[in-house]
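Student: Please read through the structure below; I'll follow up with questions.
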Amino acid sequence: MTVIKKAVSLSQNEKKAVEELYQQLCGENTDPALCLFFCSPKYDLDLLEQELLNHFGDIPLIGCTTAGEITPLGYQENSITGVAFPKGHFRIVSRRIDKISTFRIQDGIDAGEQLIADLKKDIPHANGNNTFAFMLIDGLSNAEERVTASIGSQLGDIPLVGGSTADNWDLEKTSLFFKDGFSRDMAVVILIHTELPFQVHYTHHYVAGDAKAVITEADSIARIVHEINGLPATQEYARLCGVDEKDLTISVYSNHPILMKIGGKYYSRSVVEVSHKEQTIRFACAIGKRVVCTIARPSDPIINLVRLFEKINTDIGPLDLVLGCDCAARKMICEEQGLMDKISQVYADNNVIGFVTFGEQYNTIHMNNSFCCIAIGMGEQNG
(Lines give C-alpha, C1' and ligand atoms only; values in the text may rest on other atoms or scores of the structure.)
Protein backbone atom coordinates (compact mmCIF):
# COMPACT_ATOMS: atom_id res chain seq x y z
CA MET A 1 0.00 0.00 0.00
CA THR A 2 1.04 3.61 -0.45
CA VAL A 3 2.39 5.57 2.50
CA ILE A 4 2.51 9.06 0.97
CA LYS A 5 -0.89 10.77 1.03
CA LYS A 6 -1.91 12.78 -2.04
CA ALA A 7 -4.64 15.37 -2.44
CA VAL A 8 -6.34 17.72 -4.86
CA SER A 9 -9.15 20.23 -4.63
CA LEU A 10 -10.73 21.79 -7.70
CA SER A 11 -12.76 24.24 -5.62
CA GLN A 12 -12.34 27.92 -6.43
CA ASN A 13 -13.37 28.85 -2.89
CA GLU A 14 -10.26 29.29 -0.73
CA LYS A 15 -11.87 27.95 2.46
CA LYS A 16 -13.35 24.88 0.80
CA ALA A 17 -10.16 24.20 -1.19
CA VAL A 18 -8.00 24.17 1.93
CA GLU A 19 -10.54 22.12 3.88
CA GLU A 20 -10.51 19.47 1.16
CA LEU A 21 -6.70 19.54 0.94
CA TYR A 22 -6.34 19.18 4.70
CA GLN A 23 -8.89 16.37 5.01
CA GLN A 24 -7.18 14.33 2.29
CA LEU A 25 -3.68 14.87 3.71
CA CYS A 26 -4.23 15.03 7.46
CA GLY A 27 -7.82 14.09 8.18
CA GLU A 28 -7.23 10.60 9.56
CA ASN A 29 -5.30 11.57 12.69
CA THR A 30 -2.06 11.57 10.72
CA ASP A 31 0.97 13.52 11.90
CA PRO A 32 3.07 14.20 8.78
CA ALA A 33 6.72 15.19 8.81
CA LEU A 34 5.94 17.64 6.00
CA CYS A 35 3.09 18.71 3.75
CA LEU A 36 3.89 20.16 0.32
CA PHE A 37 1.31 21.97 -1.81
CA PHE A 38 1.13 23.60 -5.23
CA CYS A 39 -1.62 26.10 -5.97
CA SER A 40 -3.03 28.23 -8.73
CA PRO A 41 -2.13 31.96 -8.53
CA LYS A 42 -5.81 32.66 -9.26
CA TYR A 43 -6.67 32.09 -5.61
CA ASP A 44 -6.80 35.10 -3.33
CA LEU A 45 -3.49 34.35 -1.63
CA ASP A 46 -4.28 36.38 1.47
CA LEU A 47 -7.40 34.31 2.06
CA LEU A 48 -5.65 31.08 1.11
CA GLU A 49 -2.79 31.86 3.49
CA GLN A 50 -5.15 32.39 6.41
CA GLU A 51 -7.01 29.17 5.70
CA LEU A 52 -3.76 27.21 5.40
CA LEU A 53 -2.53 28.56 8.74
CA ASN A 54 -5.88 27.87 10.40
CA HIS A 55 -6.11 24.28 9.18
CA PHE A 56 -2.52 23.03 9.23
CA GLY A 57 -1.46 24.78 12.44
CA ASP A 58 1.93 23.45 13.56
CA ILE A 59 2.24 20.90 10.75
CA PRO A 60 5.30 21.84 8.62
CA LEU A 61 3.89 23.29 5.41
CA ILE A 62 5.69 24.47 2.25
CA GLY A 63 4.21 25.37 -1.13
CA CYS A 64 4.11 27.73 -4.09
CA THR A 65 2.13 29.20 -6.95
CA THR A 66 2.26 27.60 -10.38
CA ALA A 67 1.56 27.79 -14.09
CA GLY A 68 -0.57 24.68 -13.70
CA GLU A 69 -0.81 21.86 -11.19
CA ILE A 70 0.07 18.19 -11.62
CA THR A 71 -2.47 16.35 -9.49
CA PRO A 72 -3.77 12.81 -8.88
CA LEU A 73 -6.08 13.63 -11.81
CA GLY A 74 -3.23 14.69 -14.09
CA TYR A 75 -2.77 18.26 -15.31
CA GLN A 76 -5.17 20.77 -13.75
CA GLU A 77 -5.51 24.54 -13.59
CA ASN A 78 -7.13 26.72 -10.91
CA SER A 79 -6.63 23.98 -8.32
CA ILE A 80 -4.56 23.14 -5.26
CA THR A 81 -2.75 19.82 -4.91
CA GLY A 82 -0.35 18.39 -2.37
CA VAL A 83 1.35 15.50 -0.62
CA ALA A 84 2.00 14.52 2.99
CA PHE A 85 5.20 12.70 3.95
CA PRO A 86 4.57 10.49 7.02
CA LYS A 87 7.00 10.58 9.94
CA GLY A 88 7.32 6.81 9.93
CA HIS A 89 9.13 6.90 6.58
CA PHE A 90 10.54 10.43 6.24
CA ARG A 91 12.65 12.87 8.22
CA ILE A 92 12.91 16.47 7.07
CA VAL A 93 15.37 19.35 7.33
CA SER A 94 14.48 22.63 5.58
CA ARG A 95 15.90 26.12 5.25
CA ARG A 96 14.51 29.39 3.93
CA ILE A 97 16.81 31.71 1.95
CA ASP A 98 15.63 35.32 1.65
CA LYS A 99 16.52 38.22 -0.67
CA ILE A 100 17.81 35.97 -3.41
CA SER A 101 17.69 38.78 -6.01
CA THR A 102 20.81 40.15 -4.29
CA PHE A 103 22.15 36.69 -3.52
CA ARG A 104 25.89 36.05 -3.50
CA ILE A 105 27.56 32.71 -4.17
CA GLN A 106 28.97 32.73 -0.64
CA ASP A 107 25.42 33.03 0.73
CA GLY A 108 24.55 29.78 -0.96
CA ILE A 109 27.69 28.05 0.22
CA ASP A 110 26.93 29.12 3.80
CA ALA A 111 23.29 28.00 3.54
CA GLY A 112 24.28 24.67 2.03
CA GLU A 113 26.87 24.04 4.74
CA GLN A 114 24.31 24.80 7.46
CA LEU A 115 21.73 22.51 5.88
CA ILE A 116 24.18 19.62 5.80
CA ALA A 117 25.26 20.35 9.38
CA ASP A 118 21.61 20.29 10.53
CA LEU A 119 21.00 17.07 8.61
CA LYS A 120 24.07 15.28 9.99
CA LYS A 121 23.24 16.39 13.51
CA ASP A 122 19.84 14.74 13.25
CA ILE A 123 20.74 11.88 10.89
CA PRO A 124 24.50 11.09 10.99
CA HIS A 125 24.20 8.33 8.38
CA ALA A 126 22.42 10.51 5.81
CA ASN A 127 23.90 10.38 2.31
CA GLY A 128 22.89 10.38 -1.34
CA ASN A 129 21.54 6.84 -1.11
CA ASN A 130 18.91 7.73 1.49
CA THR A 131 18.46 11.51 1.20
CA PHE A 132 17.45 13.90 -1.58
CA ALA A 133 16.98 17.66 -1.83
CA PHE A 134 13.91 19.45 -3.19
CA MET A 135 14.04 23.20 -3.84
CA LEU A 136 11.40 25.82 -4.60
CA ILE A 137 12.65 29.20 -5.79
CA ASP A 138 11.09 32.48 -6.94
CA GLY A 139 10.75 32.14 -10.70
CA LEU A 140 11.02 35.89 -11.31
CA SER A 141 14.17 36.44 -9.26
CA ASN A 142 16.74 35.77 -12.03
CA ALA A 143 18.76 34.13 -9.25
CA GLU A 144 18.27 30.44 -9.98
CA GLU A 145 21.74 29.88 -11.45
CA ARG A 146 23.56 31.32 -8.46
CA VAL A 147 21.37 29.65 -5.86
CA THR A 148 21.34 26.24 -7.54
CA ALA A 149 25.07 26.14 -8.23
CA SER A 150 26.11 27.26 -4.76
CA ILE A 151 23.60 25.18 -2.78
CA GLY A 152 24.13 22.13 -4.96
CA SER A 153 27.90 22.35 -4.57
CA GLN A 154 27.59 21.81 -0.82
CA LEU A 155 25.30 18.77 -0.88
CA GLY A 156 27.97 16.22 -1.71
CA ASP A 157 26.33 13.14 -3.24
CA ILE A 158 22.82 14.20 -2.19
CA PRO A 159 20.89 14.87 -5.43
CA LEU A 160 18.82 18.04 -5.87
CA VAL A 161 15.69 18.63 -7.93
CA GLY A 162 13.73 21.86 -7.94
CA GLY A 163 11.32 24.17 -9.67
CA SER A 164 10.92 27.91 -10.19
CA THR A 165 7.61 29.23 -8.88
CA ALA A 166 5.19 30.59 -11.47
CA ASP A 167 2.10 32.75 -11.95
CA ASN A 168 0.59 31.18 -15.07
CA TRP A 169 2.12 33.29 -17.88
CA ASP A 170 1.61 36.67 -16.16
CA LEU A 171 5.32 37.10 -15.30
CA GLU A 172 4.37 39.57 -12.57
CA LYS A 173 4.31 37.96 -9.12
CA THR A 174 5.03 34.44 -7.94
CA SER A 175 4.69 33.39 -4.32
CA LEU A 176 6.27 30.79 -2.04
CA PHE A 177 4.78 29.59 1.24
CA PHE A 178 7.05 28.64 4.14
CA LYS A 179 5.70 27.94 7.64
CA ASP A 180 3.96 31.24 8.39
CA GLY A 181 2.82 32.59 5.01
CA PHE A 182 3.49 33.54 1.41
CA SER A 183 6.57 35.56 0.44
CA ARG A 184 8.57 36.53 -2.63
CA ASP A 185 12.26 36.87 -3.51
CA MET A 186 13.13 33.68 -1.64
CA ALA A 187 13.97 30.02 -1.96
CA VAL A 188 13.33 27.01 0.25
CA VAL A 189 15.60 23.98 0.26
CA ILE A 190 14.25 20.76 1.79
CA LEU A 191 16.39 17.74 2.62
CA ILE A 192 14.25 14.60 2.75
CA HIS A 193 15.63 11.43 4.32
CA THR A 194 13.92 8.11 3.66
CA GLU A 195 14.66 4.39 3.63
CA LEU A 196 12.28 3.95 0.70
CA PRO A 197 13.94 3.50 -2.72
CA PHE A 198 14.11 6.61 -4.88
CA GLN A 199 15.69 8.01 -8.03
CA VAL A 200 16.08 11.54 -9.41
CA HIS A 201 15.74 12.22 -13.11
CA TYR A 202 15.92 14.97 -15.70
CA THR A 203 14.53 14.60 -19.20
CA HIS A 204 13.37 16.60 -22.21
CA HIS A 205 12.04 15.66 -25.63
CA TYR A 206 14.47 17.73 -27.69
CA VAL A 207 17.14 16.51 -30.09
CA ALA A 208 20.30 18.48 -30.84
CA GLY A 209 20.37 19.89 -34.35
CA ASP A 210 23.40 20.11 -36.59
CA ALA A 211 23.72 23.90 -36.63
CA LYS A 212 26.02 25.36 -33.97
CA ALA A 213 25.45 28.77 -32.43
CA VAL A 214 28.10 30.83 -30.65
CA ILE A 215 26.84 33.56 -28.36
CA THR A 216 28.99 36.51 -29.40
CA GLU A 217 27.35 39.28 -27.35
CA ALA A 218 25.21 38.89 -24.24
CA ASP A 219 24.26 40.28 -20.85
CA SER A 220 24.22 37.16 -18.67
CA ILE A 221 22.81 38.99 -15.63
CA ALA A 222 19.78 40.26 -17.56
CA ARG A 223 19.68 36.96 -19.54
CA ILE A 224 19.62 38.91 -22.82
CA VAL A 225 21.52 37.75 -25.93
CA HIS A 226 22.42 40.50 -28.38
CA GLU A 227 24.38 38.58 -31.01
CA ILE A 228 24.63 34.98 -32.24
CA ASN A 229 27.45 34.03 -34.61
CA GLY A 230 28.32 37.71 -34.89
CA LEU A 231 24.87 38.68 -36.22
CA PRO A 232 21.82 40.26 -34.52
CA ALA A 233 20.38 37.59 -32.24
CA THR A 234 16.85 37.39 -33.66
CA GLN A 235 18.11 37.35 -37.25
CA GLU A 236 20.53 34.45 -36.73
CA TYR A 237 18.25 32.52 -34.37
CA ALA A 238 15.42 32.68 -36.91
CA ARG A 239 17.74 31.41 -39.65
CA LEU A 240 18.88 28.51 -37.47
CA CYS A 241 15.23 27.66 -36.69
CA GLY A 242 14.37 27.74 -40.40
CA VAL A 243 11.84 30.59 -40.20
CA ASP A 244 11.69 34.25 -41.18
CA GLU A 245 12.69 36.67 -38.44
CA LYS A 246 9.22 38.24 -38.48
CA ASP A 247 7.69 34.81 -37.79
CA LEU A 248 9.43 34.23 -34.47
CA THR A 249 6.64 33.43 -32.02
CA ILE A 250 6.39 31.74 -28.63
CA SER A 251 5.38 28.55 -30.44
CA VAL A 252 8.53 28.60 -32.57
CA TYR A 253 10.92 29.19 -29.72
CA SER A 254 9.18 26.72 -27.44
CA ASN A 255 9.86 24.07 -30.08
CA HIS A 256 13.42 25.23 -30.68
CA PRO A 257 15.19 26.04 -27.41
CA ILE A 258 18.94 26.35 -27.24
CA LEU A 259 20.77 23.27 -25.95
CA MET A 260 24.02 23.47 -24.01
CA LYS A 261 26.17 20.40 -23.44
CA ILE A 262 27.36 20.03 -19.85
CA GLY A 263 29.07 16.88 -18.63
CA GLY A 264 28.01 14.94 -21.71
CA LYS A 265 24.30 15.82 -21.39
CA TYR A 266 22.25 18.44 -23.21
CA TYR A 267 20.41 20.99 -21.05
CA SER A 268 17.81 23.36 -22.44
CA ARG A 269 17.68 27.14 -22.29
CA SER A 270 14.26 28.55 -23.12
CA VAL A 271 13.47 31.81 -24.92
CA VAL A 272 11.13 34.04 -22.90
CA GLU A 273 10.63 36.78 -25.47
CA VAL A 274 12.21 38.36 -28.53
CA SER A 275 12.54 42.07 -29.24
CA HIS A 276 12.12 42.60 -32.97
CA LYS A 277 12.99 46.26 -32.56
CA GLU A 278 16.26 45.63 -30.71
CA GLN A 279 16.84 42.23 -32.41
CA THR A 280 17.62 40.71 -28.99
CA ILE A 281 16.43 37.56 -27.24
CA ARG A 282 15.67 37.24 -23.52
CA PHE A 283 16.12 33.77 -22.07
CA ALA A 284 14.79 32.16 -18.90
CA CYS A 285 18.34 31.10 -18.00
CA ALA A 286 21.63 32.94 -18.10
CA ILE A 287 23.67 32.50 -21.28
CA GLY A 288 27.08 34.12 -21.37
CA LYS A 289 29.30 35.38 -24.12
CA ARG A 290 31.36 32.77 -26.03
CA VAL A 291 29.03 29.93 -25.07
CA VAL A 292 28.70 27.34 -27.84
CA CYS A 293 25.24 25.81 -28.16
CA THR A 294 22.89 23.99 -30.53
CA ILE A 295 19.40 24.79 -31.76
CA ALA A 296 17.05 21.98 -30.75
CA ARG A 297 14.31 20.23 -32.66
CA PRO A 298 11.45 18.46 -30.85
CA SER A 299 10.66 14.77 -30.67
CA ASP A 300 7.55 13.10 -29.18
CA PRO A 301 7.06 14.26 -25.53
CA ILE A 302 4.72 11.35 -24.71
CA ILE A 303 7.16 8.68 -25.86
CA ASN A 304 9.91 10.48 -23.95
CA LEU A 305 7.94 10.37 -20.68
CA VAL A 306 6.66 6.81 -21.11
CA ARG A 307 10.21 5.54 -21.60
CA LEU A 308 11.38 7.42 -18.52
CA PHE A 309 8.71 5.90 -16.30
CA GLU A 310 9.25 2.43 -17.75
CA LYS A 311 12.90 2.66 -16.73
CA ILE A 312 12.10 3.95 -13.24
CA ASN A 313 9.50 1.25 -12.62
CA THR A 314 11.97 -1.41 -13.77
CA ASP A 315 14.66 -0.04 -11.46
CA ILE A 316 12.72 0.57 -8.22
CA GLY A 317 9.35 -1.08 -8.70
CA PRO A 318 5.85 0.39 -8.22
CA LEU A 319 5.92 4.11 -7.52
CA ASP A 320 4.30 5.67 -4.46
CA LEU A 321 5.05 9.23 -5.57
CA VAL A 322 6.82 11.11 -8.32
CA LEU A 323 7.47 14.68 -7.20
CA GLY A 324 7.59 16.49 -10.54
CA CYS A 325 8.58 19.88 -11.94
CA ASP A 326 7.42 20.40 -15.52
CA CYS A 327 8.27 23.44 -17.63
CA ALA A 328 5.48 25.82 -18.68
CA ALA A 329 6.81 25.80 -22.25
CA ARG A 330 6.43 21.99 -22.40
CA LYS A 331 2.85 22.29 -21.20
CA MET A 332 2.11 24.89 -23.86
CA ILE A 333 3.49 22.60 -26.58
CA CYS A 334 1.32 19.73 -25.35
CA GLU A 335 -1.71 22.03 -25.44
CA GLU A 336 -0.92 23.14 -29.01
CA GLN A 337 -0.45 19.54 -30.15
CA GLY A 338 -3.59 18.23 -28.42
CA LEU A 339 -1.58 15.98 -26.10
CA MET A 340 -2.92 17.15 -22.74
CA ASP A 341 -5.18 14.15 -22.14
CA LYS A 342 -2.39 11.71 -22.97
CA ILE A 343 0.27 13.36 -20.83
CA SER A 344 -2.20 13.79 -17.96
CA GLN A 345 -2.89 10.07 -18.07
CA VAL A 346 0.84 9.26 -18.02
CA TYR A 347 1.26 11.45 -14.95
CA ALA A 348 -1.79 10.02 -13.19
CA ASP A 349 -0.71 6.44 -13.94
CA ASN A 350 2.68 7.09 -12.32
CA ASN A 351 1.49 9.03 -9.23
CA VAL A 352 3.05 12.32 -10.30
CA ILE A 353 2.28 15.29 -8.06
CA GLY A 354 3.93 18.64 -8.70
CA PHE A 355 3.66 21.82 -10.68
CA VAL A 356 4.26 23.63 -13.95
CA THR A 357 7.31 25.83 -13.51
CA PHE A 358 9.19 28.83 -14.86
CA GLY A 359 12.39 26.76 -14.71
CA GLU A 360 13.81 23.53 -13.37
CA GLN A 361 16.85 22.71 -11.27
CA TYR A 362 18.87 19.50 -11.35
CA ASN A 363 21.84 19.15 -8.98
CA THR A 364 23.84 22.34 -9.72
CA ILE A 365 22.18 23.29 -13.03
CA HIS A 366 19.21 25.55 -13.82
CA MET A 367 17.44 24.97 -17.13
CA ASN A 368 14.06 25.03 -18.94
CA ASN A 369 11.86 22.95 -21.25
CA SER A 370 12.45 19.91 -19.07
CA PHE A 371 10.76 17.55 -16.65
CA CYS A 372 12.67 16.98 -13.39
CA CYS A 373 11.48 14.56 -10.79
CA ILE A 374 12.12 12.55 -7.65
CA ALA A 375 10.54 9.11 -7.97
CA ILE A 376 9.87 7.28 -4.69
CA GLY A 377 9.11 3.57 -4.71
CA MET A 378 6.91 1.61 -2.34
CA GLY A 379 9.74 -0.55 -1.09
CA GLU A 380 9.58 -4.01 0.45
CA GLN A 381 6.44 -3.18 2.47
CA ASN A 382 4.43 -4.10 -0.60
CA GLY A 383 6.38 -7.21 -1.36
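Student: Once amide H atoms are placed 1.01 Å from N in the peptide plane, what residues at a sequence separation of 5 or more from residue 321, or on another chain, have their amide H within under 5 Å of its amide H?
Tutor: Answer set, sorted by chain and number: 376.
Student: Using the Cα gyration tensor of the stretch 257-383, with a ≥ b ≥ c the square roots of its eigenvalues, what is the shape: rounded (a/c below 1.5), prolate (a/b larger than b/c) or oblate (neither)?
Tutor: prolate
Student: Further question on the same structure: Ordered by residue, what ³J(HN,Hα) values in Hz, to whole numbers, does the stretch 248-253 give under the Karplus form 6.51 cos²θ - 1.76 cosθ + 1.60, where θ = phi - 60° and Gly and Pro are x?
Tutor: Taking θ as phi minus 60°, the curve returns 5, 10, 4, 5, 4, 7 Hz for the stretch 248-253.
Student: Kindly rank 121-133, 227-239, 367-379 from highest to lowest mean number of other beta carbons found within 10 Å of each residue.
Tutor: Output ranking for 121-133, 227-239, 367-379: 367-379, 227-239, 121-133.
Student: Quick one: putting +1 on the C-beta of Lys and Arg, -1 on the C-beta of Asp and Glu, what dipole do you get for the chain around its Cα centre, in Debye to the nearest 20?
Tutor: Charge dipole of the chain: 860 debye, to the nearest 20.
Student: Under a plain spin-label model, where a point goes 7 Å from the Cα along Cα-to-Cβ, how far apart in nm are residue 169 and residue 247?
Tutor: Reported label-point gap for residue 169 and residue 247 is 2.0 nm.
Student: What's the extension gain from residue 121 to residue 96 if we count 0.36 nm per residue and subtract their Cα-Cα distance?
Tutor: So the chain would gain 7.2 nm between residue 121 and residue 96.
Student: Straight-line reach from residue 212: which lysines have a Cα under 18 Å away, not including same-chain ones fewer than 8 places off?
Tutor: List returned: 261, 265, 289.
Student: Report the label-to-label distance for residue 297 and residue 78 in nanometres (one decimal), using points 7 Å from each Cα along the Cα→Cβ vector.
Tutor: In this crude spin-label approximation the distance works out to 4.0 nm.
Student: Please state the shape class of the stretch 253-303: rounded when a/c is under 1.5, otherwise prolate if a/b exceeds b/c and oblate if not, all from the C-alpha gyration tensor.
Tutor: oblate
Student: Arrange the peptides 175-181, 70-76, 52-58 so that the one whose residues have, on average, the most other Cβ atoms within 10 Å appears first.
Tutor: 70-76, 175-181, 52-58
Student: Going toward the positive end of the dipole of the stretch 257-344, with +1 on Lys and Arg Cβ and -1 on Asp and Glu Cβ, which of 275, 338, 314 do you reach last?
Tutor: Positive-most Cα among the choices belongs to 275.
Student: Next question, about the same structure. Rounded to whole Hz and in sequence order, give me ³J(HN,Hα) for the stretch 70-77 from the Karplus expression 6.51 cos²θ - 1.76 cosθ + 1.60, θ = phi - 60°, writing x for Gly and Pro.
Tutor: 9, 10, x, 9, x, 4, 9, 10
Student: Compute the long axis of helix 301-316 from its Cα atoms, compare it with the longest principal axis of the Cα atoms of the chain, and write down the angle in degrees, 0 to 90, nearest 10.
Tutor: Tilt relative to the chain: about 40 degrees.
Student: Label 7 Å along Cα→Cβ of residue 217; the stretch 230-244 residues with amide nitrogen under 18 Å?
Tutor: Answer for this model: 230-239.
Student: Report, to the nearest whole %, how much of the accessible area of the stretch 264-312 belongs to carbon and sulfur atoms, 1.4 Å probe, protein only.
Tutor: It is 48 percent, rounded to a whole number.
Student: Shifting gears a bit: At a Förster radius of 25 Å, what calculated FRET efficiency corresponds to the Cβ-Cβ distance of residue 104 and residue 262, to the nearest 0.05?
Tutor: 0.65
Student: If you don't mind, there's one more thing I want to ask. Using the heavy atoms of the protein chains alone and a 1.4 angstrom probe, what is the accessible area of the chain per residue in square angstrom?
Tutor: Accessible surface, normalised per residue, equals 40 Å².
Student: Let me ask something else. Determine ³J(HN,Hα), in whole Hz, for all residues of the stretch 6-22 in sequence, where each value follows from phi through the Karplus function 6.51 cos²θ - 1.76 cosθ + 1.60 and θ = phi - 60°; x replaces Gly and Pro.
Tutor: Taking θ as phi minus 60°, the curve returns 10, 8, 8, 10, 9, 5, 8, 8, 4, 5, 5, 4, 6, 4, 5, 4, 5 Hz for the stretch 6-22.
Student: Next question. What does the convex hull of the Cα atoms of the stretch 270-341 come to per residue, in Å³, rounded to a whole number?
Tutor: Per-residue hull volume (Cα only) is 154 Å³.
Student: Now, a different point. Please give the net charge around residue 132, taking every other residue with its beta carbon less than 13 angstrom from that of residue 132, where Lys and Arg add +1 and Asp and Glu add -1.
Tutor: So the environment of residue 132 carries a net charge of -1.
Student: Let me know the shape class of the stretch 11-114, please: from the alpha-carbon gyration tensor, a ≥ b ≥ c as square roots of the eigenvalues, rounded when a/c is under 1.5, otherwise prolate if a/b is greater than b/c, or oblate.
Tutor: Judged from the Cα gyration tensor, the stretch 11-114 comes out oblate (a/c at least 1.5, b/c at or above a/b).
Student: With charges only on Cβ, +1 for K and R and -1 for D and E, what is the dipole size of the stretch 190-241 about its Cα centre, in debye, rounded to 20?
Tutor: It works out to roughly 80 debye.
Student: Between 162, 288, 152, find the one with the highest GNM mean-square fluctuation for the chain; connect C-alpha pairs within less than 10 Å.
Tutor: 288
Student: Another question, then. Lys/Arg Cβ at +1, Asp/Glu Cβ at -1, dipole of the stretch 134-235 taken about the Cα centre: which of 235, 213, 182 is farthest positive-ward?
Tutor: 182
Student: Taking Cα atoms, how many degrees apart are the long axis of helix 45-56 and the longest axis of the chain, rounded to 10 and kept between 0 and 90?
Tutor: For 45-56 against the chain, the angle is about 30 degrees.
Student: Just need the relative contact order of the chain here, percent rounded to a whole number, with Cα pairs under 8 Å and 6+ apart.
Tutor: 21
Student: Cut-off under 15 Å on the C-alpha distance; same-chain residues fewer than 8 positions from residue 6 excluded. Which aspartates and glutamates are left, in chain and number order?
Tutor: 19, 20, 28, 31, 69, 320, 349
The values are calculated or read from the model by the stated rules, or taken from the named source; none is laboratory data. Bear in mind that the values here come from a model prediction, so they are computed numbers and not experimental data. Positions of Cβ are backbone-derived with ideal geometry, glycine not excepted, and every protein chain shown enters the neighbour counts. The area values use the complete protein model at the heavy-atom level, side chains included, leaving out ligands, DNA and RNA. Shrake-Rupley method; radii C 1.70, N 1.55, O 1.52, S 1.80 Å.
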